[in-house]
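I have placed the structure first, in the form of structure tokens, so that the comments after it can refer back to it.
Any read-out appearing in this document is the output of simple, stated calculations on the displayed coordinates, not a laboratory observation. Just so it is clear, the model here is predicted, and its values are computed rather than measured. Here the Cβ is made from the backbone with ideal geometry for all residues, glycine too, and neighbour counts use every protein chain on show.
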Amino acid sequence: MSGSPFRRGGGTGRGFMKRVVITGIGIYSCLGKNLEEVSKSLYEGKSGIVLDQERKAMGYRSGLTGFVEKPVLKGLLDRRSRIMLPEQGEYAYIATLEALRAAGIDQDYLNAHEVGILYGNDSSAKPVIEGIDVLREKKDTMLIGSASVFQTLNSTITMNLSTIFKLRGVNFTISAACASGSHAIGLGYHFIKTGLQDCIVTGGAQEINLYSMGNFDALSAFSVREAEPQKASRPFDRDRDGLIPSGGGATVILESLESATKRGATILGEVVGYGFSSNGEHISNPTVDGPVRSLEMALRDAQLQASDIDYINAHATSTLAGDASEAKAIASVFEDARTPVSSTKSMTGHECWMAGASEIVYSLLMMHKGFMAPNINFENPDDDSARLNIVKNTTEKNINVFLSNSFGFGGTNSTLIVRKWSK
């Protein structure tokens with residue numbers, strides 16, 4: 001067995017598993033269109049939330065949203081590829097271009113290796129509605145257009161990006177509500193550490209059009225603090241009144257250590273832990289037990305203690321019940337360690353299917369820049385958040401290990417742990 005390709009070196013007791021590293025990241029969000037812009041926004045505690053009057057005119061209870069600029073793809077993609085991509089696919093494409101460049105992976109490498117893709121996405125509302133509107137008006141399905149079907153499926157991102165980049169490895173979409181992006185990275189981690197793949201494009205994307213969030217608004221889940229859009233997202237704050245929808249695309253390139261070393265790639269971090277669980281209770285109401293089990297599983301997988309975690313990027317979306325249950329869960333595991341906690345959703349709003357991936361990107365930027373981004377708008381704790389060490393202001397910090405939580409409807413929970421790279 002000593003010659004097994006799955007043996008993990010270094011005497012860590014992990015057995016016959018490969019080490020999984022991050023060699024590239026890319027981001028397109030309301031905080032910026034690239035890593036440099038986003039890093040600056042995180043450090044400055046800059047909000048990307050705006051009031052969209054079109055939503056109010058359509059009948060939304062809340063017109064608040066993250067503002068994400070439409071990418072310009074002409075000149076980057078041929079027309080056929082462009083018309084196949086829905087909105088969130090455009091974001092994912094731009095983020096993936098940046099991530100592949102950061103990883104030093106070009107098309108020649110993709111052509112010669114079985115690189116896979118696992119991406120989180122759980123809706124594609126706009127093309128569905130637009131197609132049905134054409135059918136209702138014209139009474140002829142042939143006028144919907146041949147590209148529509150490739151935009152409407154939840155798997156639209158993986159099918160489009162795998163075609164654009166000619167990827168030949170694993171290829172499927174993870175639909176797990178607001179934990180989709182996190183589970184995509186977690187599954188990629190497992191595919192690589194067990195030797196099934198050497199390199200996978202992972203991430204998450206979220207549409208942010210008028211059609212995509214009406215049913216969420218119908219739940220009265222959104223903040224109505226419309227007079228002060230940038231102060232509306234208030235994770236863990238006593239006076240929070242709901243989340244703000246947002247979106248974009250985030251890509252994380254995962255690779256086996258052997259593959260990255262062979263290429264001479266710059267290693268940005270190592271995924272060392274992935275925890276998951278299902279609440280097994282109410283379809284929308286959160287629990288404490290489910291997230292606790294996810295946290296504890298991730299720590300066991302990473303062979304770390306609570307005191308080893310330097311920073312937690314919380315899922316906290318600014319809802320009353322969700323933030324309270326997560327605060328209880330984090331406190332039950334980390335209260336004694338006084339681990340610093342912040343929710344970047346205070347700046348971005350809730351990026352939904354993308355959030356689990358974008359928050360890995362945000363946290364990696366903090367790790368490499370040596371700071372913790374603030375939980376902006378946190379002014380007054382409630383009984384639950386008072387138990388946590390909430391980062392109120394941008395704080396210089398050497399982050400060696402961070403943890404990121406993602407939870408979703410249906411009780412799906414995901415926790416990822418990433419360590420700064422060291423041989």
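What does the charge count near SER124 come to, summing +1 for each Lys or Arg and -1 for each Asp or Glu among other residues with Cβ under 10 Å from its Cβ? So the surrounding residues net to -2.
Near GLY203, once Lys and Arg are set to +1 and Asp and Glu to -1 for all other residues with Cβ below 12 Å from its Cβ, the sum equals -3. Neighbour counts of other Cβ atoms within 10 Å put ARG419, ARG82, ARG300 in the fewest-to-most order ARG300, ARG82, ARG419. Under the criterion of Cα pairs below 8 Å and six or more residues apart, the relative contact order for segment 20-263 equals 32 percent. The fewest-to-most ranking of LEU219, LEU403, LEU76 by surrounding Cβ atoms within 10 Å reads LEU219, LEU76, LEU403. For the pair ASP133 and LYS397 in one chain, pulling the backbone fully straight at 0.36 nm per residue adds 89.9 nm over the alpha carbon distance. Going by neighbour counts of Cβ atoms within 10 Å, the residues THR156, THR415, THR266 line up, fewest first, as THR266, THR156, THR415.
Of all lysines in the structure, the ones whose alpha carbon falls short of 21 Å from that of LYS423, not counting any fewer than 8 places away in one chain, are LYS18, LYS193, LYS262, LYS369.
Taking the Cα centre of each part, how many Å lie between segment 161-190 and segment 329-373? Taking the Cα centre of each part, segment 161-190 and segment 329-373 sit 21 Å apart.
Of the listed peptides 44-57, 313-326, what is their order by residue-averaged count of other C-beta atoms within 10 Å, with the highest listed first? Show your work: numbers first, answer last.
Values: 44-57: 17.3, 313-326: 24.1.
Ranked from most to least packed, the peptides come out as 313-326, 44-57.
Amide H to amide H distances under 5 Å link ARG238 with GLU379, ASN380, ASP382, where only residues 5 or more positions off or on other chains count and H is placed in the peptide plane.
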